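Notes for the one structure printed next.
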Amino acid sequence: MSFQTAWRSPSNIALVKYWGKTSPQLPTNPSISMTLDACRTETAVEIVPGSGKIRVWVDGVEMPSFVPKIAGFFKAIAERHPWTAHLDWSIRTHNTFPHSSGIASSASGLSALALCVVSLAKEFQERIPAKDFFREASVLARLGSGSASRSVYGGWVVWGRTPSVPGSNQEWAHPYPHAIDPVFADFRDTVLLVDVGQKAVSSTVGHGLMNNHPFAAARFEMAHRNMESLQPLLASGNVGGFLDLAEREALMLHGLMMASNPPFVLMKPATLSILEKIQSARREGLEVGFTLDAGANVHVLYPQRAEQSVHAFVNDSLSVHCKDGAFIHDRVGAGPTLITEPTPL
Ligand code: PMV
């Protein structure tokens with residue numbers, strides 16, 4: 001007897017950043033992200049009765065080095081899903097973006113795996129009512145990687161309790177409930193690949209830097225304020241105000257890292273060159289801005305109506321700062337999908 005399922009799940013980029021957590025993987029401040037479209041993970045899972053043995057294949061090649069991370073995920077969800085320990089797991093996965101691109105694959109990868117687990121729980125145990133499906137997937141994804149909680153929904157997604165977002169809570173993400181101007185429903189993000197190596201600071205170490213951080217209280221307060229300030233900007237289609245806020249958030253994230261003990265500087269000289277060029281292009285009237293993750297890559301943000309000019313700007317002026325000239329054009333996406341066709345994974 002065996003059961004199988006497969007999901008395709010996207011990455012996401014936060015505009016108000018989650019940075020700092022308490023156990024069990026609960027955020028110290030609220031965050032909001034756009035779910036992406038092109039950057040995603042496809043994962044197929046097969047289970048047979050067993051004792052919790054895990055095997056992982058990436059692009060068809062068995063990767064024992066991936067097992068400890070996945071085993072950690074199963075350990076984290078064991079209390080909610082004890083049945084998972086009585087099966088053996090074959091997990092086949094593929095990312096649409098280059099493996100060592102420096103794009104965090106944890107959001108797409110762990111949300112895809114969480115969706116597979118909830119699908120199997122539904123089939124195999126019939127315990128998950130349809131209305132709770134994505135909520136449960138978000139909780140499990142969160143236990144794997146906080147930002148993955150937001151990838152189970154398309155569009156704009158909130159995670160973490162904050163007074164300005166009714167229904168927001170710590171344990172699972174949900175779609176942003178306030179009005180969004182159409183310009184933001186179709187927003188663009190071109191990811192410039194500046195540094196494609198190993199992350200200089202792991203997520204766990206990174207979030208840990210906020211424990212006893214001298215600016216922690218001010219940061220957490222600021223994240224709530226930024227969530228509130230975003231609301232009228234998104235509702236009215238104020239692209240300039242939105243880009244200003246997104247850039248302040250990104251630089252604050254890096255400022256916090258630079259003021260941590262030990263301090264981390266994750267931007268590279270090429271990152272700074274790109275940021276300067278983007279800010280000067282915006283001063284000259286181009287609708288373009290940036291955000292950053294915990295790394296050197298730059299996410300170039302712009303509305304669909306500026307696409308042609310921004311693509312030319314990326315090609316002519318920014319790609320020279322990218323590793324091997326590489327970048328990925330992406331946009332707000334519709335969220336994960338169940339893979340129904342036979343998977344080549
Ligand atoms: O999900 P994690 O633990 O990899 O943390 C992600 C943290 C940031 O990407 C920097 C911000 C965010 O909200 O996604």
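The values are calculated or read from the model by the stated rules, or taken from the named source; none is laboratory data. Treat the numbers as computed from the prediction; the structure is a model and nothing was measured. Using ideal geometry, Cβ is built from the backbone for each residue, glycine included, and neighbour counts are taken over all protein chains shown. All accessible areas refer to the heavy atoms of the entire protein, side chains included, with ligands and DNA or RNA removed. Shrake-Rupley method; radii C 1.70, N 1.55, O 1.52, S 1.80 Å.
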Looking at the square roots a ≥ b ≥ c of the eigenvalues of the Cα gyration tensor of the range 184-331, which shape do they give, rounded for a/c under 1.5, prolate if a/b is larger than b/c, or oblate? oblate
Row for the range 211-264, column shape: gyration tensor on C-alpha, a ≥ b ≥ c, rounded if a/c < 1.5 i.e. under 1.5, prolate if a/b over b/c, else oblate; value oblate
For TRP83 and ARG225, FRET efficiency with R0 = 51 Å and r from the beta-carbon atoms, rounded to 0.05? 0.75
Starting from 0.36 nm per residue, how many nanometres of slack lie between ALA185 and ALA235 once their C-alpha separation is accounted for? 16.9 nm
What's log10 of I(q)/I(0) for the chain at q = 0.07, 0.11 Å⁻¹, Debye sum over Cα points only, no solvent? -0.28, -0.71
If you build the convex hull over the alpha carbons only and average its shadow over all orientations, what do you get for the range 95-238? Give it in nm² to one decimal. 10.8
Vicinal HN-Hα couplings computed from phi for the range 28-34 (Karplus, 6.51 cos²θ - 1.76 cosθ + 1.60; Hz; Gly/Pro x): 7, 8, x, 9, 9, 9, 9
Cα-based helix-to-principal-axis angle, 216-236 vs the chain, degrees rounded to 10: 80
Kirkwood calc, the range 3-179, C-alpha pairs only, radius in angstrom 16.2
Mind checking the angle between helix 269-283 and the chain's longest principal axis? C-alpha axes, 0 to 90 degrees, to the nearest 10. 60
Taking θ = phi - 60°, what integer Hz values does the Karplus form 6.51 cos²θ - 1.76 cosθ + 1.60 yield along the range 162-169, in sequence order, with x for Gly and Pro? 7, x, 7, 10, x, x, 5, 8
Between the helical axis of 106-120 and the dominant principal axis of the chain, each derived from Cα atoms, what acute angle in degrees is found, rounded to the nearest 10? 30
Cβ-based net charge around ALA44, under 13 Å, with every Lys or Arg adding one and every Asp or Glu removing one: -1
At 1.4 Å probe radius, can you tell me the per residue accessible area of the chain in Å²? 43
With Cβ to Cβ distances under 13 Å as the rule, what net charge do the other residues near ALA250 carry (K, R +1; D, E -1)? -3
Calculate what fraction, in whole %, of the accessible area of the chain sits on carbon and sulfur atoms when a 1.4 Å probe is rolled over the protein chains. 53
Add +1 for every Lys or Arg and -1 for every Asp or Glu among the other residues with Cβ under 14 Å from the Cβ of GLN231, and state the total. -1
